[in-house]
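The values are calculated or read from the model by the stated rules, or taken from the named source; none is laboratory data. Everything numeric here is computed off the predicted structure, so don't read it as measured data. Positions of Cβ are generated from backbone atoms using ideal geometry, with glycine treated the same way; all protein chains shown enter the neighbour counts. To get the accessible areas, we keep the full protein, side chains included, count just its heavy atoms, and leave off ligands, DNA and RNA. Shrake-Rupley method; radii C 1.70, N 1.55, O 1.52, S 1.80 Å.
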Amino acid sequence: MTRTAVLASILFVGISLAPVGHNVVADEQPLFGYSSESSRSERQWEEKLRAIPSPENLKEYMKRLSARPHHVGSPYDKDNAEWIAAKFKEFGFDTHIEQFDVLFPTPKERVVELVEGGPKFVAKLQEPALPQDPTSNQQSEQLPTYNAYSIDGDVTAPLVYVNYGIPEDYEQLERMGISVQGKIVIARYYHSWRGIKPKVAAEHGAIGCLIYSDPHEDGFYQGETFPTGPYRPPDGVQRGSVADMPLYPGDPLTPGVGATKDAKRLKIEDAKTITKIPVLPISYADAQPLLAALTGRVAPEGWRGGLGITYHIGPGPAKVHLKVKSNWKTEPIYDVIGKISGAAFPDEWVIRGNHHDGWVNGAEDPIAGQVALLEEARSLGELLKSGWKPKRTIIYCAWDGEEPGLLGSTEFAEQHYDELRAHAVAYVNSDGNGRGYLRIEGSHTLEKFSNDIAREISDPETKLTAWKRQQLHEIAEAKTPEQREEIRKRADLRIPALGSGSDYTAFLQHDGVAALNIGFGGEDGGGIYHSVYDDFYWFTNFSDKDFVYGRALAQTGGTAMMRLADADLLPFEFGDFADTVQTYLKELKALAQKTQEDIRERNKEIEEGVFKATNDPRRPLQPPAVETVPPHLNFAPMENAVDGLTHSAAEYRKALDQANANGGAALASASIAQINKMLIESERKLTNAEGLPNRPWFKHQLYAPGFYTGYAVKTVPAVREAIELKKWKEADEAIAVVAKILQEESALISSAAQKLSGVK
């Protein structure tokens, strides 16, 4: 989630901020959503803002905030919240701390031991302190290695290795004739969010789950391990929540409402997001003896990790005892909320957030992002002292409880649902920071806006603009000539859609607030994720050592917040959005067609005897079952709706070009305020009250975390997942729902275009 010289002088910062590639002609072009006059003023204020953030301040903030473990319920978590609140007040923000009370289990008993099938082995379940790393020895304050929201359990059973533990792996196990019914499974991290692994294991009858970090993805295979290098050492463990967040994030006991003191709560046994089987994470040092004890079939090549053993699947004589018992307590969390009231439109809110809680010391995740947010806030405060006043209200938030399940942001977004639906313009999130490329994901109505911001930011090491560096990176990573050509020719870089895994989730997918997620990364090894070694020592030795990328994130976030807050016409743009929805439609049609073709081909091969003829009698696989060829889906409603969306987007673009004529004087009209309110509604229109099938908390019809991916996004999720699960009637019904949503969106955009055309 996260990651060169220290600031020498204000003069040096001012000189270094001018992105390579800017020229006088480009700077004379009005900013998107601004008249020529307001654009000149805005550019001047933004340049002042980008000159303020200080790497030295960022370093001192991190040193302070990551000095001790600060998980939910710890003394330092509250202390940090109060310190951040004091800083916000010092910077000139109207500040308060909003408290919620949430279920937060912490481990009381943890046991993993090999009891049969090999030498007696008891897992250490402990990350050792290292003499080089001064905060790694704060063991009395550290949360032990565990998975939050695992159900209590004490089970002993044969062990089965299930690769990444995702649905495709269980399909392969079935063909190998291997069942996990009544077994304990061991899965490696990656290829899905961790909470999916026990979820799928329980669906297949397993009674316990271990998740380990294999060195192939997360250890010595990637590079030198900590403390010599940045990657996960043998005893390093990834903590993390395993709550079923694709159902709903936040407090498991108060779905859909804020977890205030008087909120009605579910019984723990009725909370659907708590796992059905006990789960623990372990290191690869603890995993190796367990995996080495497995016999039976040798794992397929793609299942083999980086340990120096032959990977077997089991089951066999290897039997494991797993015990998990937690303290199921309610703990307070502390959201820090700072506000600058808007001078012209105080009831329109631009919101910025990053979380402050960590699993342990959390220097990279989340403090690297939180310190950038603090410097943004300080920079805005300095501008206030110089006479700048934002048109819209700016709200800065330091969330608590993100790590266990997006608790602070979700409870806030649920508690203030009606207010946010009425007032929130956009939400800009970060979650840690590192060294490398500027990554922006989010609502495609903000794709052009996010590209414009990236063009303003100088990459600290290459001195290219962050936009240009990302474009060249995407060209290097492209798989086909067609992809490279589009990247070179398209005016804006495509931004990925948002799934889940950070604090934008409730704002975008529950409340319908347009959202972006921003941060730098990709060039520092992240092998200390959710471990005791994610601390100040690791960060200042292996990540953004001089905090220049932290400064760049502060410049990025601060510029985005100012530009949203001060725009004459809010910078929502629908051409990129319509183009993206067109690609989603093409993907869905291709997915449906490929599913039909694959089933036809597989059925034909079964009839021809292909699977019998190619089966190895010594290592037999069960042939797949014959399936009914799926019907053709009726995409016509969605095709018509997407065509309408494309037309309305062009209509809005034409009206905007007219409004921009003569220096954009029309953008100063009082009527623009009415259009802005319509633009704010554009993301709301993409939600519906019923939500997604079987998970009504998620209301957005274009973006959601996948039911079996957890973090990774599924676009047009109701349709896409119905096709993937071969639920054809549900897919047809979902197409009609999405078509209606898009028709309503088109109507809104056309209305805004007509009103904009009439502005004089």
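Taking only protein heavy atoms and a 1.4 Å probe, the accessible area of segment 249-330 is 52% carbon and sulfur.
By average Cβ neighbour count within 10 Å, what is the ranking of 570-576, 169-175, 75-81 from highest down? Can you show the working numbers first?
Working: 570-576: 24.3, 169-175: 17.4, 75-81: 19.7.
Per-residue Cβ counts within 10 Å, averaged per peptide and sorted highest first, yield 570-576, 75-81, 169-175.
Electrostatic tally near R551: other residues with Cβ closer than 11 Å to its Cβ, Lys and Arg +1, Asp and Glu -1, net -3.
Here segment 643-735 is assigned +1 on the Cβ of each Lys and Arg and -1 on the Cβ of each Asp and Glu. Its dipole about the Cα centre then comes out at about 180 debye. Considering only I337, Y711, H700, whose Cα is most displaced toward the positive end of the charge dipole of the chain, charges sitting on Cβ of Lys, Arg (+1) and Asp, Glu (-1)? Farthest along the dipole direction, towards plus: Y711.
Using a probe of 1.4 angstrom and keeping all protein chains present, the accessible surface of segment 125-256 works out to 32 square angstrom per residue.
With +1 on each Lys and Arg Cβ and -1 on each Asp and Glu Cβ, and nothing else charged, work out how big the dipole of the chain is about its Cα centre, in Debye to the nearest 20.
On the way: 84 positive and 106 negative charges, 90 e Å.
Dipole of the chain, to the nearest 20 debye: 440 debye.
Electrostatic tally near I211: other residues with Cβ closer than 14 Å to its Cβ, Lys and Arg +1, Asp and Glu -1, net +2. Treating r as the C-beta distance of E486 and R600 and R0 as 22 Å, the FRET efficiency rounds to 0.10.
Helix-only arithmetic for the chain: the sum of -39500 (n - 2.57) across DSSP H runs with n ≥ 4, divided by the residue total, places the mean residue ellipticity at 222 nm at -12500 deg cm²/dmol. Farthest towards the positive end of the charge dipole of the chain, among the residues A650, V112, Y146, is the Cα of V112, using unit charges on the Cβ of Lys, Arg, Asp and Glu.
Taking K and R as +1 and D and E as -1, what net charge do the other residues with C-beta under 11 Å from the C-beta of V324 add up to? Residues near V324 contribute +1 overall. For K545, the aspartates and glutamates whose Cα comes closer than 16 Å to its Cα, not counting residues fewer than 8 places off in the same chain, are E56, E60, D133, E364, D365, D459, E461, E523, D524, D534, D535.
Among beta bridges identified by DSSP and lying wholly in the chain, the antiparallel ones come to about 60 percent.
Assign unit charges at the C-beta atoms only (+1 for Lys and Arg, -1 for Asp and Glu), then state the dipole size of segment 522-674 relative to its Cα centre in Debye, rounded to the nearest 20.
Roughly 320 debye, rounded to the nearest 20.
A cut-off of 5 Å between modelled amide H atoms, ignoring neighbours fewer than 5 places along the same chain, links V185 with V160, I207, G208, C209, L210.
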